[in-house]
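Asker: Okay, here's the structure, questions in a sec.
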Amino acid sequence: MRQLRKTIEHGDIAVIYPEARYSLCGTTAVLPESLGKLCKLLKVPVVSLICHGHHVTSPFWNLRERGVMPTEAEMTLLFTPEQLKDASIQEVNSRIVEAFQYDDFAWQKERGIRTPYAKRAEGLHKVLYQCPACGTEFEMTSEGTQLICKHCGKRWNMTELGELEAVEGETEFSHIPDWYEWERANVRREVEAGTYSSGTLPVYVNTLPNALKFRFLGNGTLLHDMNGFHVHGVEPDGERFDMDIPVAAQYSCHIEYEYLGKYGD
C-alpha cells in the first residue's frame, strides 16, 4: 500500500495484476473485493487493460510460440476521480469484474484464428488432469495434437481453432475452459464436503533468500488439505524444516509449469 501511494504521489501510473496469478486456461480468475476500496483510497482514474490472444499464442502449459497474429488489447476508462468519489465500493468492484471478463479460446474461435502448430496439445494435460469419461485424476497425458487418458484410453483431438473433439464417442467438452471449470466444480464439492486433500506428495524445496538465486533447502513432502499447505522436510545437513500456511492466509495459489526449464512443476 505504501509503495502504491508513493507511486501515485510521484505522478506515475500504478499498475497491478489483481488476479495475482497466471491464467491456466486463458479465462478470468476471481478478483479480490478489496479492489474497490483500493481505488477509492488512491483517488485516481481507474483503467482496465485486457489483452486477448496471449494465452492461445503461448499458453501457460506450453510456452512455445504459436504465431497467433494479431493479438489485441482493450484499454477502458472505468472511473474518473469524480465518479469514484460518488460510487460505492460495491459499484466499483462490480464495474471492474465486468471489465475483466475474458476467454482467449472463445476469442480465437470468434475470429477464426488457426494454429497449425503440430504439438499444440502438448502440456494441456497439466491443466485438464481429470478424465471426463472415466473420472480418473492425474492419468491424463498429451502428445502432438491429442489429449489422452492413460486409464481408459479415450482420446481427444485439439483442432486448429483450439477446440476439442473426441476421436471416438461423445465429446464431453469441446471448449477447453468448460473442462477446466468442471474440474474446479468437482474440487469445490470435495471442499464443501470437508474431504478435500491432495494426498502427501514428494517434493524438493528451494528457497529464495535474496534476489540473486535459489538455494536448495532439501527434499520433503507437501500436503494441501482443508487446513491449507503443509511442507515438511530435511536439509542436507540433517536439520528439519516446516512450512504451514493456513487457508485464511492464502488468498491465491500461483502455479508454474516446468519452472525456468529445470525445476519441474
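Asker: Within the range 126-159, restricting attention to residues that are of a type outside the set (Val, Ile, Thr) and in contact (Cβ under 8 Å) with a residue 40 or more places away in the chain, which residue is farthest from residue 61 (Cα to Cα)?
Answerer: Among them, the one singled out is 132.
Asker: Next question. Could you pull out the residue among 122, 137 that is buried (at least 18 other Cβ atoms within 10 Å of the Cβ) and under 21 Å from residue 24 (Cα atoms)?
Answerer: It is 122.
Asker: Considering only the range 39-93, state which residues are acidic (Asp, Glu) and loosely packed, with under 11 Cβ neighbours inside 10 Å.
Answerer: Across the range 39-93, the qualifying residues are 65, 82, 86.
Asker: Restricting to the range 1-29, name every residue that is among the basic types (Lys, Arg) and either in the same structural domain as residue 176 (by TED's automatic domain parsing) or over 21 Å from residue 62 (Cβ atoms) (or both).
Answerer: Selection gives 2, 5, 6.
Asker: Residue 143 passes all but one of (1) at pLDDT 95 or above; (2) surrounded by fewer than 13 Cβ atoms within 10 Å (Cβ to Cβ); (3) not assigned by TED's automatic domain parsing to the domain that holds residue 166; which number fails?
Answerer: Residue 143 satisfies all of (1) at pLDDT 95 or above; (2) surrounded by fewer than 13 Cβ atoms within 10 Å (Cβ to Cβ); (3) not assigned by TED's automatic domain parsing to the domain that holds residue 166 except (3).
Asker: Is there a residue being under 21 Å from residue 109 (Cβ atoms), crowded, with 16+ Cβ neighbours inside 10 Å, touching a Leu at 6+ places or on another chain (Cβ under 6 Å) and not polar (S, T, N, Q) anywhere in the range 180-199?
Answerer: no
Asker: How many residues does the range 98-115 hold that are closer than 12 Å to residue 50 by Cα and not in a loop (DSSP other than H, G, I, E, B)?
Answerer: So the count comes out to 4.
Asker: Can you tell me which condition residue 162 does not meet? The list is (1) over 29 Å from residue 197 (Cβ atoms); (2) free of Cβ contacts under 8 Å to residues at least 60 places away in the same chain, and all the others hold.
Answerer: Of the numbered conditions (1) over 29 Å from residue 197 (Cβ atoms); (2) free of Cβ contacts under 8 Å to residues at least 60 places away in the same chain, the odd one out for residue 162 is (2).
Asker: Which pairs have Cβ atoms under 9 Å, sit 6 or more apart or on different chains, and link a residue in the range 210-239 that is assigned by TED's automatic domain parsing to the domain that holds residue 187 to one that is modelled with pLDDT of 95 or more and surrounded by 14 or more Cβ atoms within 10 Å (Cβ to Cβ)?
Answerer: Pairs found: none.
Asker: Quickly run through the range 65-94 and pick out the residues that are charged (D, E, K, R) and under 16 Å from residue 43 (Cβ atoms).
Answerer: Those that are charged (D, E, K, R) and under 16 Å from residue 43 (Cβ atoms): 82, 85, 86, 91.
Asker: Continuing with this model, one more query. Collect the residues in the range 242-265 that are modelled with pLDDT of 90 or more and closer than 19 Å to residue 219 by Cβ, keeping them in residue-number order.
Answerer: Within the range 242-265, 242, 243, 244 meet the criteria.
Asker: Here is a further query. Give me a count of the residues in the range 32-81 that are out of contact with any strand residue (DSSP E or B) (no Cβ under 8 Å at 6 or more places or on another chain), of a type outside the set (D, E, K, R) and either part of a loop (DSSP other than H, G, I, E, B) or over 28 Å from residue 264 (Cβ atoms) (or both).
Answerer: Summing the residues that are out of contact with any strand residue (DSSP E or B) (no Cβ under 8 Å at 6 or more places or on another chain), of a type outside the set (D, E, K, R) and either part of a loop (DSSP other than H, G, I, E, B) or over 28 Å from residue 264 (Cβ atoms) (or both) in the range 32-81 gives 20.
Asker: Check off (1) under 21 Å from residue 136 (Cβ atoms); (2) surrounded by 13 or more Cβ atoms within 10 Å (Cβ to Cβ) for residue 205 and give me the number that stays unchecked.
Answerer: Answer for residue 205: the failing condition is (1).
Asker: Further, regarding this structure: I'm checking my understanding of the structure. Among residues of the range 94-117 that are without any contact (Cβ under 8 Å) to a residue 40 or more places away in the chain and under 27 Å from residue 142 (Cβ atoms), which one is surrounded by the fewest Cβ atoms within 10 Å (Cβ to Cβ)?
Answerer: Once the filter is applied, the top-ranked residue is 110.
Asker: Sticking with this structure for a sec: Looking at 92, 97, which is the one that is within 30 Å of residue 38 (Cβ to Cβ) and either outside the structural domain of residue 47 (by TED's automatic domain parsing) or touching a Cys at 6+ places or on another chain (Cβ under 7 Å) (or both)?
Answerer: Just a single option satisfies the conditions, and that option is 92.
The values are calculated or read from the model by the stated rules, or taken from the named source; none is laboratory data. On a predicted model such as this, the values are computed, not experimentally measured, just so you know. Heads up, the Cβs are rebuilt from the backbone with ideal geometry, glycines too, and the neighbour counts pull from every protein chain shown.
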